[in-house]
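Structure first, then comments.
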Amino acid sequence: MDDLAQVFAEEPFFSGFSDAQLRRLAGLARPEVYQNGRYLIRQNGSADRFMLITTGHVVLKAFVPQRGMVPLETLGPGDPLGWSWLAPPYKWHYDGRALERTEVIAFEAEGLRQAMEQDHELGYRLQKRMIEVIAHRLQAARLQSLDLYGNPAGDLP
Amino acid sequence: MSARPRDPMLPRSYRIESVESELPGGEVFSWTLRPRGGELEVGQPGQFNMLYQLGIGEVPISISALGEDGTLIHTIRDVGGVTRNMAALSAGEEIGVRGPFGTAWPVAAAEGHDVLLVAGGIGLAPLRPVIHHVLANRERYRRIFLLYGTRQPADILFRKELERWRGRFDIDVAVTVDRADASWRGDVGVVTRLIERGGFDPRNSIAMVCGPEVMMRFAVMSLERRGVPARQIYLSMERNMQCAVGYCGHCQYGGHFICKDGPVFPYDRLEPLFDVREL
């Protein structure tokens, strides 16, 4: 395995992927570094890559009229950044900005989609892993919307 | 002649030494209490006292800190009739205290382990004496994580202490908020996302979780997903505690009385009850 494929192999996101699958992914990947304050993705921009954060933190923000940029979620090491590359229209829904120096492995999205079409084993494994990520994030978002820490209802002493 | 056991139903008189507002607007405040005559009844981290405002009523409140100078600190949220009246009391006034009652956090059992303290909202207050304890006895524990989630930056409790703990290099402190504006530079998201970041040895960790019950349910799911066994996860439960000694039955939870069998339980004892909606 080359160096990049070796880096993948150590990421929990890629656990269970075969050496051949990791090598194929490595051919579509490159490391990227973003300094504090730099944008990794921009709302409505082309979702042309999939990123896995290896170090640093990224905040996802949405533009809300009258309120400006509202932070939605912070992502850290081991977290995949974005799934808009998986489904049309392949546009980012949010901004993603580095909160500190952040390193990611970035995969070229179109090549990744082609690889998933051509190699259904790889496609299935990747989709399955992304669904886990999406499910956890959806649960977290629902929990976030519950206002857990507000005043409890009912008559309290 | 041995001393007569104290009547658990009889409040002792305490003086409010000081009142500290923990959040802007005073919705959450801390009382430093000193007994009027006699010695302080020293509780364990996780235990609670029944605080009684004369002529108004009584509420169960967890111990938020044990003062070294014979004082006791309780952090109270103004959330109902009694606590609203309590919020109007000032230093020098008198209240009644019964307790301490209930089970404690497993600070001794956690020795030699990684310690995960997962707090949500005002749930940080009952875990605060654990933080004091583990930091005072730091050599007895492996890695220590404090994972704290709250609604928004303005609701962060014990801000100065959090900064002090963060400034130490022997405890990992992570704070996340559900909502923030653009000026917030910290984490945004639910506290369970902090658990998913890992960094601890799950088989060799003791987790102590305190917060709204829904938050604890999801925290348990995240901890188990990371591999922390149910018997090593402890939760502090809350119900309508009135007598505090298991007589009245108001806080019955399945076969348990939260006041006397809890409030701190290992999760493997609660697991069969945790999703029973009628409880």
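The values are calculated or read from the model by the stated rules, or taken from the named source; none is laboratory data. Only a predicted model underlies this, so the values are computations on that prediction, with no experimental measurement involved. Every residue, glycine as well, gets a Cβ built from its backbone with ideal geometry; the counts of neighbours run over all protein chains shown. Note: accessible area is taken over every heavy atom of the protein model, side chains too, but ligands, DNA and RNA are not part of it. Shrake-Rupley method; radii C 1.70, N 1.55, O 1.52, S 1.80 Å.
General remarks:
- Cα Rg over Rh - the protein assembly as shown, Kirkwood: 1.03
- Across q = 0.15, 0.16, 0.17, 0.24 Å⁻¹, the stretch B:12-101 modelled as identical point scatterers on its alpha-carbon atoms has Debye log10 I(q)/I(0) values of -0.48, -0.55, -0.62, -1.33, in the order of the q list.
- Residue of A:Leu86, A:Leu75, A:Leu146 that the Gaussian network model of chain A assigns the largest fluctuation, springs spanning Cα pairs under 10 Å: A:Leu146
- Each of B:Ser183, A:Leu4, A:Gln35 was scored by the projection of its Cα onto the charge dipole of the protein assembly as shown, and the greatest displacement toward the positive side belongs to B:Ser183; charges sit on the C-beta of Lys, Arg, Asp and Glu.
- Average beta-carbon neighbours from other chains, 10 Å sphere, peptide B:79-87: 2
- Rg/Rh for chain A stands at 1.04; both radii use Cα atoms, and Rh follows the Kirkwood definition.
- Rg of the Cα atoms in chain B, relative to 2.2 N^0.38 Å, amounts to 0.99.
- A 1.4 Å probe run over the protein chains yields, for chain A, 52 Å² of accessible area per residue, whole-number rounding.
- Neighbours of B:Arg34 by Cβ distance under 13 Å: Lys/Arg scored +1, Asp/Glu scored -1, total -4.
- Relative contact order for chain A: 26 percent, from Cα pairs under 8 Å spaced at least 6 residues apart, divided by residue count.
- The protein assembly as shown, helix-only ellipticity at 222 nm - DSSP H runs n ≥ 4, -39,500 (n - 2.57), divided by all residues, nearest 500: -7000 deg cm²/dmol
- Å² per residue, accessible surface of chain B at 1.4 Å: 43 Å²
- Folded to 0 to 90 degrees: helix A:109-118 orientation relative to chain A principal axis, Cα: 60 degrees
- Charge dipole of chain B (Cα centre as origin; +1 on each Lys and Arg Cβ, -1 on each Asp and Glu Cβ, all else neutral): 300 debye, rounded to the nearest 20.
- The mean number of partner chain beta-carbon atoms within 10 angstrom of a residue's beta-carbon across peptide B:192-199 is 4.
- Across chain B, the relative contact order, built from alpha-carbon pairs under 8 Å that are at least six residues apart, equals 17 percent.
- The mean number of partner chain beta-carbon atoms within 10 angstrom of a residue's beta-carbon across peptide A:65-76 is 5.
- When only alpha carbons are used to place a centre, the stretch B:1-80 and the stretch B:201-278 end up 23 Å from one another.
- Label-to-label distance, nm, for residues given as B:Arg84 and A:Gln6 (7 Å Cα→Cβ offset): 6.6 nm
- Accessible surface buried once B binds A (1.4 Å probe; total of both sides; Å²): 2600 Å²
- Convex hull of alpha carbon positions in the stretch B:169-256: directionally averaged projected area 8.4 nm².
- Translational diffusion coefficient (Stokes-Einstein; Kirkwood radius from C-alpha pairs) of the stretch B:83-239 at 20 °C, 1.002 mPa s, in µm²/s: 129 µm²/s
- Over all other residues within a Cβ to Cβ distance under 13 Å of B:Ala87, the charged ones net out to -3, with Lys and Arg as +1 and Asp and Glu as -1.
- Accessible-area composition of the protein assembly as shown, carbon plus sulfur, in percent [1.4 Å probe]: 49 percent
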